[in-house]
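Colleague: I'd like to ask you about the structure that follows.
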2 protein chains.
Amino acid sequence: MEKIISIIEAKSCPIHFVLAVNDTLNVISGKWKLPIIGSLLFDKRRFTEIQRNIPKITPRMLSKELKDLELNGMVIRKVFDTTPVSVEYELSDSGKSIADVLDKMLEWGIKHRESTISRS
Amino acid sequence: MEKIISIIEAKSCPIHFVLAVNDTLNVISGKWKLPIIGSLLFDKRRFTEIQRNIPKITPRMLSKELKDLELNGMVIRKVFDTTPVSVEYELSDSGKSIADVLDKMLEWGIKHRESTISRS
DNA sequence: TATAGCGGTATACTTTGGTATATCGCGGAT
DNA sequence: ATCCGCGATATACCAAAGTATACCGCTATA
């Protein structure tokens, strides 16, 4: 209830509109966020698996971006008490739900590309 | 027809998925893109109007970002043959249609914020 | 004992993005 | 004549984002 009201409010107020969209934007912007999220959308993965999945990323960036995503509540880091310890990264429920948003972005991107190509 | 196939294809291939979403992301990322698009979503505006709408933007950045958006096919720049010339910026049809995407982002952003606040 | 894989961190550097401040040509109003 | 608003551009600078390269402690395997 309150959720819906605040969404409606945010959509109708230019300032809140920009702020709320920006929140989402901040979660997924940066050179490596999408590749990482993309990798985790299919399955949970370990650090080195993600690294192999995204050949050009350095461990420094992967580490930093995973921390960002964890802080944002996108990713859950699970440490297993094996010897040596193993670590798994997976998307939170909220993280998984961003797939719908990304789908919309993909669709718009492809349509937009077509509409601008046909103009040129 | 072909459109739908390529969207389906893009969604099913991790590499194309990331690339296509990134296309959209590139159009709206940067500190001032959303405020500018937000301003133009409500109505077409002149340079100085946008500037007044976004108090802290410098003319240098406004000029640069408007050029970017124009190049991307988001914004149409119309020069009127008045004396002195007046210039109007408005969203293209494709540009206007990004509102749906932004709405989705807004909704996700608000829900995500609630779900991560309630966890903490 | 040496080597390789895991899950990273440390330091230094370059590149990109954004800011600050000043200025421009034009024309209309005072 | 002078100042103001419009629609910008030029130059210099600063900060954030990303890269390159080396290394760490741990353990299993050869």
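The values are calculated or read from the model by the stated rules, or taken from the named source; none is laboratory data. Worth saying up front: this structure is predicted, and the values here are computed from it rather than measured. All Cβ positions, glycine included, derive from the backbone under ideal geometry; neighbour counts span all protein chains shown. Just so you know, the surface numbers come from the protein's heavy atoms only, side chains and all, with ligands and any DNA or RNA stripped out. Shrake-Rupley method; radii C 1.70, N 1.55, O 1.52, S 1.80 Å.
Colleague: What are the ³J(HN,Hα) couplings of segment B:43-57, residue after residue, when phi is run through the Karplus curve with 6.51, -1.76, 1.60 and θ = phi - 60°? Round to Hz, x for glycine and proline.
Modeller: Once rounded to whole Hz, the list reads 6, 5, 8, 8, 3, 5, 5, 4, 4, 5, 5, 10, x, 8, 7.
Colleague: Something else about it: Restricting the calculation to Cα positions, tell me the Rg (one decimal) and the Dmax (whole number) of chain B in Å.
Modeller: Spelled out, the Cα radius of gyration and Dmax of chain B are 17.5, 60 Å.
Colleague: Distances in nm, one decimal, shortest first, from A:P55 to the same residue in every other copy, taking the label point 7 angstrom along Cα→Cβ.
Modeller: Going from nearest to farthest copy, the values are 5.1 nm.
Colleague: Would you check the accessible area of A:M61, probe 1.4 Å, heavy atoms only, in square angstrom rounded to 10?
Modeller: Solvent-accessible area, nearest 10 Å²: 60 Å².
Colleague: Apply 1/(1 + (r/R0)^6) to the Cβ-Cβ distance of A:E88 and B:H16, taking R0 = 30 Å, and write down the FRET efficiency to the nearest 0.05. The partial results should precede the final answer.
Modeller: Details: r = 26 Å, r/R0 = 0.88.
Efficiency for this residue pair is about 0.70.
Colleague: Same structure, new question: What would the Debye equation give as log₁₀ I(q)/I(0) for the protein assembly as shown at q = 0.11 Å⁻¹, counting only Cα atoms as equal point scatterers?
Modeller: Treating every Cα as an identical point scatterer, log10 I(q)/I(0) equals -0.65.
Colleague: Treating the point 7 Å from Cα along Cα-beta-carbon as the label, what are the nm separations from A:K44 to the other copies, to one decimal?
Modeller: Counterpart label points of A:K44 in the remaining copies fall at 5.4 nm.
Colleague: If you don't mind, there's one more thing I want to ask. Mind telling me which of A:S63, A:S92, A:S12 comes out most flexible in a GNM of chain A, alpha-carbon contacts under 10 Å?
Modeller: A:S12
Colleague: Next question, about the same structure. Based on DSSP loop calls and a cut-off of at most 11 other Cβ atoms within 10 Å, the longest stretch of chain B free of exposed trypsin sites (Lys or Arg not before Pro) is what?
Modeller: Answer - B:57-120.
Colleague: Okay, next question. Show me, for segment A:90-106, the HN-Hα J-couplings you get by feeding each phi into the Karplus relation (A = 6.51, B = -1.76, C = 1.60, θ = phi - 60°), rounded to Hz, glycine and proline as x.
Modeller: 9, 6, 5, 4, 5, x, 4, 5, 6, 3, 4, 5, 4, 4, 4, 5, 4
Colleague: Would you mind listing the distances between the A:S86 label point and the same position in each other copy? Use 7 Å along Cα-to-C-beta, nm, one decimal, shortest first.
Modeller: 6.8
Colleague: Could you tell me the calculated FRET efficiency between B:L41 and A:S115, based on Cβ-Cβ distance and R0 = 25 angstrom, to the nearest 0.05? Write out the running numbers ahead of the final one.
Modeller: Working: r = 18 Å, r/R0 = 0.71.
Efficiency, from the Cβ-Cβ distance: 0.90.
Colleague: How many nm is it between the label spots at A:D81 and A:N26, if each spot is 7 Å from the Cα in line with the beta carbon?
Modeller: A separation of 3.6 nm, rounded to one decimal place.
Colleague: Here is a further query. So what's the gap between the Cα centers of segment A:1-70 and segment B:42-120, to the nearest angstrom?
Modeller: 22
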